[in-house]
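Worksheet for the structure shown next.
The values are calculated or read from the model by the stated rules, or taken from the named source; none is laboratory data. These numbers were taken from a predicted model, which means no experiment stands behind them. Neighbour counts run over all protein chains shown; Cβ positions are idealised from the backbone, glycine included.
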């Protein structure tokens, strides 16, 4: 495999890095951060670290400046630019197969499900509202093979830990443990009437944990897909999403909505998905050709189950309960207008009123964002993203100083249409809409300025929209 530095780049001393040839002997990975081993570059010291492995590129940081290394692979054209066709992704699946054989002594099939980033529509899903996520080219991988008994055994490569259950006992006590996201899915499949058999599973997650990129739903959906396939069963993507949501609600203890699981099941390369969380109907919307969504990780971790996430949901349920007694036909905050909310604001506490105002206004922003994508209007979408962040910061109160700093710094950059917090909040990531020609400079400058302002190093993810859950090797 040969790679070449695309275009070269001036270093911080004013010199030019020039073309760099890297000779890659193998690609390997640790729990969360892919890295290279066995590479060499003429004139470059070994002070390089790998930022991310993607479909067509490996992102390296060389001596404090970033380069984008485009790889020549046998797959000259990738259908829909979907990273699942790349040799690197196929290699990851084969590596997991080999590791499974070593661990369990069986041949395995390998499945993957993506993480997601939400373009707009935050904390609306559990209020029957509208959301607009995109599946990312970061995955959880599950290798699986059936057993002859009713045991489910799972080993986490990320944590180097083992867990197991008997499918005849679905009364699991796993809340607060990583296995809830796998064994909880197995139990939920049984509770849904699916006669899944015992299985051996090997799990490896590449979606950053605690970053608001839905690592939990990625694990759940990949595990559910694998357990069904190992038993010779199948369900619709929507059915699998609802089963996995139940697992996270009941076994992991996070009262999440349906968005993350639906995205992991139904994602489409090069498209955003506008989802009606009440009917579960969705519309695919093409992304902008000349603008790129960029995710920036504040490196402040969140934990839905142990944070204010459940408290925010309880506030929304309080508002719904009170206002349903005032306005006929109100089943969720999705059924209210801002005029309704203002009219009966005296019936709510100030905090509950602000929580409801965010949800109602955010639903309106999602509908407007659909128009922006349909019309190819990144300026409009950028404005809606900035409004969304202010609402999440001030009314829903799920941001934090580091995330606010990322958003403020991003909006000061050239070529940036808008930026906002994404995910459940309390840390995690931002998403910014950037002119494609400005993306590299945006990422480099933002990372430097964020570190100067906070002392934290931000990970920058320039991702491709991916397909949803599927078998990785067929």
I'd like the residue in the range 246-286 that is in a loop (DSSP other than H, G, I, E, B) and touching a strand residue (DSSP E or B) at 6+ places or on another chain (Cβ under 6 Å) and, out of all such residues, is nearest to residue 468 (Cα to Cα). 267
Restricted to the range 130-151, and to residues that are in contact (Cβ under 8 Å) with a residue 60 or more places away in the chain and surrounded by fewer than 24 Cβ atoms within 10 Å (Cβ to Cβ), which residue is nearest to residue 470 (Cα to Cα)? 145
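Conditions tested, residue by residue: (1) under 28 Å from residue 365 (Cα atoms); (2) surrounded by 18 or more Cβ atoms within 10 Å (Cβ to Cβ); (3) over 17 Å from the mean Cα position of the chain (by Cα); (4) outside the structural domain of residue 208 (by TED's automatic domain parsing).
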site: 404; (1), (2), (3), (4): yes, no, yes, yes
site: 408; (1), (2), (3), (4): yes, no, yes, yes
site: 422; (1), (2), (3), (4): yes, yes, no, yes
site: 427; (1), (2), (3), (4): yes, yes, no, yes
site: 432; (1), (2), (3), (4): yes, yes, no, yes
site: 445; (1), (2), (3), (4): no, no, yes, yes
site: 452; (1), (2), (3), (4): no, no, yes, yes
site: 455; (1), (2), (3), (4): no, no, yes, yes
site: 461; (1), (2), (3), (4): yes, yes, no, yes
Which numbered condition in (1) at pLDDT below 95; (2) surrounded by 19 or more Cβ atoms within 10 Å (Cβ to Cβ); (3) out of contact with any helix residue (DSSP H, G or I) (no Cβ under 6 Å at 6 or more places or on another chain) is the only one that residue 203 fails? (1)
Residue tally, condition within 23 Å of residue 274 (Cα to Cα), outside any helix (DSSP H, G or I) and touching a helix residue (DSSP H, G or I) at 6+ places or on another chain (Cβ under 6 Å), over the range 362-409: 2
Boolean, residue 211 is part of a loop (DSSP other than H, G, I, E, B) and touching a strand residue (DSSP E or B) at 6+ places or on another chain (Cβ under 6 Å): yes
Restricting the range 371-382 to residues that are farther than 15 Å from residue 422 by Cα and free of Cβ contacts under 8 Å to residues at least 60 places away in the same chain, the one surrounded by the most Cβ atoms within 10 Å (Cβ to Cβ) turns out to be 372
Qualifying positions in the range 166-200 - touching a strand residue (DSSP E or B) at 6+ places or on another chain (Cβ under 9 Å), in a loop (DSSP other than H, G, I, E, B) and either surrounded by 18 or more Cβ atoms within 10 Å (Cβ to Cβ) or not assigned by TED's automatic domain parsing to the domain that holds residue 119 (or both): 167, 172, 174, 178, 179, 196, 198
From the options 226, 211, residue that is buried (at least 17 other Cβ atoms within 10 Å of the Cβ), under 17 Å from the mean Cα position of the chain (by Cα) and in the same structural domain as residue 108 (by TED's automatic domain parsing): 211
